[in-house]
Each structure stands twice: as C-alpha cells, then as structure tokens.
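A.B. asks: Mind having a look at this structure? Questions to follow.
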Amino acid sequence: MSRPGLREFLFHALNRRFFYGWAILGVAGLGIFASGPGQSHTFSVFVGPIGRDLGLSNAAIASAYGLATLAAALCLPFMGRLVDRHGPRRMTFAVIALLGLACMLFGAAAGVLSLALGMAALRFLGQGSLMLNCANLVAQWFNRRRGFALSLMALGFGASMAVHPPLGQWLVTEVGWRKAWVVLGLMTWLIMLPPILLLLYDKPEDRGLHPDGDRAAAEAAAASGQPLAGLSLREALRTPAFYIIAAGWCAIAMLVTTLHFYQVSILRAQGVSAEIAARVFPVSAATMMLAMPFVGRSFDRLRTRYVFAAGLLVTSAALIGVTFVQSLAAAIVYAMLFGLNNAFSMTMFGYLMPRYFGRRHLGSLQGTGQMFAVVGASLGPLPVGFAFDYLGGATLTLRLLAIIPFACAVAAMFLRTPAGVPHVSHLE
C-alpha cells in the first residue's frame, strides 16, 4: 500500500472510532515530548561534561545558553509566518528533520562559538518551533474543549522531564556526551517522522470536519463558504488584549525559568539539605501532570480572564513561597505550588491566542506571542543571579519579583475579546 493510501486508510479507520482530533492530539503530545533535546531540563545534564571537555566555565556556558535562547526567540515570528503560509503539518516535518540533524551536529561542537550556534538551533527548533507547531495543531482541531486538549498535550512535557534527563545522563556515562546527542537526534526522527507523515492534517476543515467533531457546525461552515475567522497579526497588535497576554506570558516564562534555574541554590542558601532540595523536582512534576486536566477544563468552563489571572497569582505565590522553605514539609508544599504553576503556564501558552484572536492567522500570532515569552525566559535568571553575587542572598529579590505577575493578573481582569472574533459568551 502506498503512503497516500495508508494515510487515507488510517484516517477513515480512526475517524470511525472517535473524532480524529484526538489522533492529532496524540501526535502533538508526542511532539512536545520530542522537544526534550531543546529544553533546559535536558541541557542541564550536559553542562558538566561539555565544560570539562571544552575547557569552558559554567559562566561561559550559561552566557552562551542565554544568548542562544534570545536569538531563538527573535526568530519565532518568522516561523509563525511560515506556519500560516505552509501549514503546521509541513512545518512540523521540517522542524523535526532539522531538529534531529541539529542534535547530531551539536555533538561536534569544538568551542564556545559552535556551542552557542548549536544551542541556538536546538532552542529555536525544539523549545520554540516544535512547541509552537504542536500547540497550533491542537488549537485548530479543538474549540470548546481546547483547554482540556492542550492540557493533555502538555503531559508530553512532563514525560520529557521524567525521561530525557536520566536518559541523557545514562548516555553520557555509556557513550560520552558527543555520541549521546547523535542518539538523541536519531530518536527524535524515529519517534516523530512516521506519525507526522501518516497521521497529521493541518485543520479539520481539510477533511470535512469541524473542531471538536461538531457536525452541525461543519455543515453550516461548508454551506456558508466563509473562511476561518480571526484577526491578522497587524490587527491584533492594535488591540490591548494582545499586550496584556504578551506581558503575562513574558512574566510567567521569566519567573518560571528563574525558579527552574536557581531552585536548588535558593533552597540550599536557606539551609535546606541537598536531599530535600532534590525531592522538589519529582513532586513538582507529579503535581503538574495531575493538575493539567483540571486547569484545562477550567479554561473551557470559566471566564478566561479569571483563569489567566489565577495562573499569574500562582506564579506570585510560588516566588514568595520558595523564600519560606526551611523544612521537608514546606519544601513539599512549595513543590506542589510550583507544579500547579507549571500546569497553568503550559496550558495557557497554547490557549490564549486562538481564544482571543481566532484561528485564521494563528501561526504568526503564536510565534510573536511566544517570542515575548522566550525573551522573558532568556532574561529571567539575571536578577536572582545578581542578588546572589552582590546582595548575599535572593530572598528580597524574589519577593519583589512577585509583584510582576501580580500586576499582570490585575491587567488580565481587563481582557476582552476584540471585535470580529467569535467566542463563547460564558468565557467572556
């Protein structure tokens, strides 16, 4: 059977059993998992071996990583425009092909310049472009259940946090850090290329379907012949809603990255043992995965601005809460709070742009909005790092940083859907 014939067979076989969007969701969740080689939790395993092999200090590696992340962020609007022009299926295939190649070439890094270029490629393709494409696919195929679907997709991130760091550590021990990246590249191709080629479609309308499998809506849309609704990037940039969302994304990405980057250092400075500090990570990951479906349903059922504001307030609470951790019990409470914060952030990054601006130009909207988030992530660790180096501790700095998401939560209460974008009244 030819590949087009197999694609048709699989589509009809699966669509007879359930709405085909759930198959799209499965591939997107697998894509979020496959973004692991471009994520911070995977890089962290390689910092020591790379530094020893190339004779680079931690500061040099951290600087290269920050600059690479910033460079990747500035390229995301371009990726968004490509997604709008060519569709998420073609662009996901291209991103995966390049991500696997970038992993293999990263293993050949010979100095700080080639290391920084490799990091930029991995961050742009994995942490940026692949996550953008996966969120775009799910947002195209779901509307009423978009929040729940995106929360299920984001479980792939929790799975990556659980799998990629220990896998990377094992590969470093067995074959060295250079060959480890070759293996990660081959695994990326093996995991993602078959489902992309056989299962992905850009949007339900391409197959005579409608988001959520709503047949009545599909028939009405087909009869009207109207294109997908939604604002262009230029139109969205003229609305207050875009900047409220972008500011919230930037704040959350900045401060979540800060806590990921300095969490152990903060706890150790407060007298918490290394053993207790290490227990925070699995508790946070478990809480995130358990909370995601509930957070997703909250976006589907409650007023969007309230849920967005709640997520920002949880970020503020996590920043303040970590400064009070001095025991195992307090560490567990903080870990659960931080896990809930991650559940909110992973879901809202894919939900808010299609909710407020529609699906028609979703790629360019997501790419530009995600640029704000990744810029925030690249700058996030700087204030706390400065506090450790020059103020002797980060407690006051963390509490002051908590003001940022609190202010964004206040701004979120003024979110309104722009004119011309269809929306469900109970979410407004």
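A.B. asks: When a footprinting reagent is the concern and you count Cβ atoms within 10 Å, what order do H210, H12 take, fewest first?
C.D. replies: Placing the least packed residue first, the sequence is H12, H210.
A.B. asks: Could I ask something else about it? Measure out, as a whole number of angstrom, how far apart the alpha-carbon centroids of region 122-151 and region 359-428 sit.
C.D. replies: Distance between centres, Cα-based: 18 Å.
A.B. asks: Among the chymotrypsin sites (Phe, Trp or Tyr not before Pro) within region 15-102, which fall in a DSSP loop and have no more than 15 other Cβ atoms within 10 Å of their own Cβ?
C.D. replies: F18
A.B. asks: Excluding A241 itself, calculate the net charge of residues whose Cβ lies under 15 Å from the Cβ of A241, where each Lys or Arg counts +1 and each Asp or Glu counts -1.
C.D. replies: +4
A.B. asks: Can you tell me the 0 to 90 degree angle between the C-alpha axis of helix 58-86 and the longest principal axis of the chain, rounded to 10?
C.D. replies: Value to nearest ten degrees: 10.
A.B. asks: Cα axis of helix 240-269 to longest principal axis of the chain: angle in degrees, 0 to 90, nearest 10?
C.D. replies: 30 degrees
A.B. asks: Which whole-number percent is the relative contact order of the chain (Cα, under 8 Å, 6+ apart)?
C.D. replies: 26 percent
A.B. asks: Plugging the Kirkwood radius over Cα pairs into Stokes-Einstein for region 102-168, at a temperature of 4 °C and a viscosity of 1.567 mPa s, what D comes out in µm²/s?
C.D. replies: For these conditions, the coefficient is 93 µm²/s.
A.B. asks: Does the chain come out rounded, prolate or oblate, given a ≥ b ≥ c as the square roots of the eigenvalues of its C-alpha gyration tensor, rounded meaning a/c under 1.5 and, failing that, prolate meaning a/b above b/c?
C.D. replies: Oblate is the answer for the chain, as a/c is 1.5 or above yet b/c matches or exceeds a/b.
A.B. asks: Can you pull the Kirkwood radius for region 1-159, inverse mean 1/r over Cα pairs, to one decimal in Å?
C.D. replies: Computed over region 1-159, the radius equals 17.0 Å.
A.B. asks: Just the number, please: Stokes-Einstein D of region 225-342 in µm²/s, Kirkwood Rh from C-alpha pairs, 25 °C, 0.890 mPa s.
C.D. replies: Diffusion coefficient, whole number: 153 µm²/s.
A.B. asks: Stokes-Einstein at 25 °C, 0.890 mPa s, Kirkwood radius from Cα pairs: D for region 233-418 in µm² s⁻¹?
C.D. replies: 146 µm²/s
A.B. asks: Further, regarding this structure: Angle check, please: helix 304-321 long axis (alpha carbons) against the longest principal axis of the chain (alpha carbons), in degrees 0 to 90, nearest 10.
C.D. replies: Rounded to the nearest ten degrees, it is 10.
A.B. asks: Here is a further query. Tally Lys/Arg at +1 and Asp/Glu at -1 over every other residue whose Cβ is under 12 Å from the Cβ of P49; what's the total?
C.D. replies: +2
Bear in mind these aren't lab numbers, they're just calculated from the coordinates by the rules spelled out. Only a predicted model underlies this, so the values are computations on that prediction, with no experimental measurement involved. Counting neighbours? That spans all protein chains shown, and the Cβs are built from the backbone with ideal geometry, glycine included.
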